[in-house]
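Everything below concerns the one structure shown next.
The values are calculated or read from the model by the stated rules, or taken from the named source; none is laboratory data. Computed from a predicted model, the values in this text were never measured in an experiment. Cβ: placed from backbone, ideal geometry, glycine included. Neighbour counts: every protein chain shown.
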């Protein structure tokens, strides 16, 4: 008798859980698995501003490289050229990705700002 009651309770809980999932998906106007495909905005980098100097003197016309890497392993590079005062600017970067929708994910973003000088890589 106890086993029969336990089985009925289990069936009721499973049916209720299925209804909650189905009605939630229908209520969003999408199919049941669309939340896996939905892309969310991911903030990769704020604005980056700086001044490059050598012995206290600004270095004009120098190429500065910013490299951004997200979990999708796409290397996003952009460049800026220093002005007469040695100043450079990179805009903020955001992308859209479905990676944050995964059940188990740890968001990691890496950023490097550097100068390639002949054979040397000088990180800023």
Checked segment 70-90 for anything touching a strand residue (DSSP E or B) at 6+ places or on another chain (Cβ under 8 Å) and on the phi > 0 side of the Ramachandran plot; matches are 86
Exactly one of 112, 73, 84, 106 is exposed (fewer than 13 other Cβ atoms within 10 Å of the Cβ) and either over 17 Å from the mean Cα position of the chain (by Cα) or in a strand (DSSP E or B) (or both), and that residue is 84
With the first residue restricted to segment 69-83 and required to be touching a residue at least 40 places away in the same chain (Cβ under 8 Å), and the second required to be surrounded by fewer than 15 Cβ atoms within 10 Å (Cβ to Cβ), Cβ contacts under 8 Å at 6 or more apart or on different chains are 69/75; 69/109; 69/110
When residue 119 is run through (1) at pLDDT below 90; (2) farther than 19 Å from residue 62 by Cβ, the failure sits at (2)
